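For reference, the structure discussed in these notes is given below.
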Amino acid sequence: MPGKPIVILSDSLQGGAAHAATHLAEGLAAAGTSLERWHFSSNQRDTSIREFSLDPEPKRPPFERILKNLSRAAANRLRQKRHRAALHNRIAQTQPTLLNVHNIHDSGLDHDALPADLPLIWTLHDCWAFAAEAYTWQDTHLGTTQTAATERPREAALARRKSFFARSAPTALVAPSQWLANTARQHTPSHVTIKHIPYGIDLDAFTRQDPAASQQALGLDPDRIWLGHAATWANSRKGFDIIARALHQMDCSNLGLLIWGQQPEDPLPANLPVHYSGHISGTDALSRHYSASNLFLCPSRADNLPNTVLESLACGTPILGSDAGGIPDMARPGQTGWIFAGDTPAACAQALQTALAQRSTWPALQTRCREVAEAEYSLPLQATRYQQLIAELCSE
C-alpha cells in the first residue's frame, strides 16, 4: 500500500453513514492501511484511529451566527466557504494518497470542493453524489412523491455533478447495495468506475446473546413474540406507519413491539404491548435488543443497506423487510427472513402472518443469518476489497 495516508472524509461521527465510515476506518486500520479520519464534528472519540476535525468548534463563529438570523442561505454559503478552506488546507499539509468521501452535504460541501488532482473513492450512502435528491419514493398513504435532501435549483446541482465526473484524477464510486450500484450506473458516465462493496460489521461486537436472558433484562414478557424495530428518524422514508397499519389488520394478542431509536407517533393496536428503549448506544446494548427480538422489522420505503438490518443479521435475528433499496440483499426469503412488496400495509401484514406461521423455521434462519454475516459482511472482507480498489486507483 502507498506510504502516505489515505483519508476518510465525512460530515460527522453521528448517523448511519458516519457509523459505516467508522466501521470502514476500523477495518482498514486493522488490515494495516495508513489512514486518517477527517470530519466536521466537534466531538472526539477515544479511538486508535487518527482523527482530525475540520471544524472543531461546537458553534459557528459569531459573525456566522448573526448572519444566520438575517439570512440562513448567506450564512450557509459562508460556512461552506470556511469548510472548503479547512479541507484544502488540511490536504496541503497532509498530502494524502487518496481521498475516500462519505456523506459531506450536511457540512455544506459540494462536488466542486473536492480536489480534482487527487484519486478519490466516493462511498455512496444514498443517491446524492450523482443526483439532486438523496432518495425519491412513493408514499401511497400520503398520496405523494417524497424526496430527501433535494437540491434546488435542480439543474445547477446536476451541472455540478456532471462537471465533477469529468475530473482528471482516477475516481470510483462504491455502492454498498446492489440497488445503489445499479442506480449509479444509470445516472453516471460510462467511464466512471462503480464497485459494489457491502458494508462491514464488527462480528465480535455484534453477536447473538441469550434471547431469554435478553428479554428478561429488558423486562419483556417471555410468552409473547417480540417484533424489533429501530430507526434514527421516524419519518415517511423509514415507513413505520406501514407497520402500524399492518398490525391493526392482525391479531396482536400474542405479539409485542420492542422499539429503540426515535419513538414513532403512529397509533398502534390497544392490545399490543410496546417497550420503548429510546436512543441506545454501545454494541452490547444493541446486541441485547436484537437478540431479544424474535423478528426484526425494516419497512423502509427507500434505503441503501441499513446498518440495522446488518446488525440484526450479525445477531442472528431474522428480518422482515420491504422490497426497497438494498434490504433484499440481506433479508432473503427462505434463508434470513421475509420480504413484502411495496409500501402497502396489507402486504406487510400478509408477510408477517406468513413469518408467524413458519415459526418452526426460525432456528434455522437464526443460524443462517449469522452465517451470511460472517461470509459476506465482515470488516476484514470489506477492508480487503477497499485495499484492492485503492491499489488500482493509485497505480493509474
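The values are calculated or read from the model by the stated rules, or taken from the named source; none is laboratory data. Given the structure is predicted, the values throughout are model-derived calculations rather than measurements. Glycine also receives a Cβ, built like all others from the backbone with ideal geometry; neighbour counts cover every protein chain displayed. Just so you know, the surface numbers come from the protein's heavy atoms only, side chains and all, with ligands and any DNA or RNA stripped out. Shrake-Rupley method; radii C 1.70, N 1.55, O 1.52, S 1.80 Å.
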Relative contact order as a percentage, the chain, C-alpha pairs under 8 Å and 6+ apart, gives 15 percent
Rounded to one decimal in nm, the spacing of the 7 Å Cα→Cβ label points at Glu396 and Gln263 is 5.0 nm
Let me cross-check Glu64: its accessible surface, 1.4 Å probe, with only protein heavy atoms counted, in Å² to the nearest 10?
10 Å²
With a 1.4 Å probe and every protein chain kept in, tell me what percent of the accessible surface of the stretch 99-180 is carbon plus sulfur.
52 percent
Expressed as a percent, the accessible surface of the stretch 246-299 that is carbon or sulfur, using a 1.4 Å probe and the full set of protein chains, is 45 percent
Tell me the mean residue ellipticity at 222 nm calculated for the chain from its helices only (DSSP H runs of n ≥ 4, each -39500 (n - 2.57), averaged over every residue, nearest 500).
-11500 deg cm²/dmol
Could you point to the label whose value was computed as percent of Cα pairs over 42 Å apart for the structure here, given (i) 39; (ii) 14; (iii) 6?
(ii)
Quick one: check the C-alpha center-to-center distance for the stretch 189-226 versus the stretch 244-312, whole angstrom.
13 Å
Tell me whether the stretch 321-372 comes out rounded, prolate or oblate; compute the Cα gyration tensor, take square roots of the eigenvalues as a ≥ b ≥ c, and use a/c under 1.5 as the rounded threshold.
oblate
Between the stretch 94-133 and the stretch 323-393, what is the separation of their alpha carbon centroids in Å?
28 Å
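According to the square roots a ≥ b ≥ c of the eigenvalues of the Cα gyration tensor, what is the shape class of the stretch 258-304, taking rounded for a/c under 1.5, prolate for a/b larger than b/c otherwise, and oblate for the remainder? The partial results should precede the final answer.
Details: a/c = 1.64, a/b = 1.21, b/c = 1.35.
Oblate, because a/c is 1.5 or more while a/b does not exceed b/c.
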When a/c is below 1.5 the answer is rounded, else prolate if a/b is larger than b/c, else oblate, so apply that to the stretch 88-189 with a ≥ b ≥ c taken from the square roots of the Cα gyration tensor eigenvalues.
prolate
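Using a probe radius of 1.4 Å on heavy atoms only, what accessible surface per residue do you get for the stretch 114-202? Whole Å² is fine. Walk me through the numbers before you get to the answer.
On the way: 3920 Å² over 89 residues.
Each residue of the stretch 114-202 exposes 44 Å² on average to a 1.4 Å probe.
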Over the stretch 279-332, give the accessible area per residue in Å² for a 1.4 Å probe, as an integer.
20 Å²
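Using 0.36 nm per residue, how much length does the chain from Ile66 to Glu371 gain when fully extended, once their Cα-Cα distance is taken away? Provide the component values of the computation, followed by the final result.
Working: separation 305, 0.36 × 305 = 109.80 nm, distance 5.45 nm.
So the chain would gain 104.4 nm between Ile66 and Glu371.
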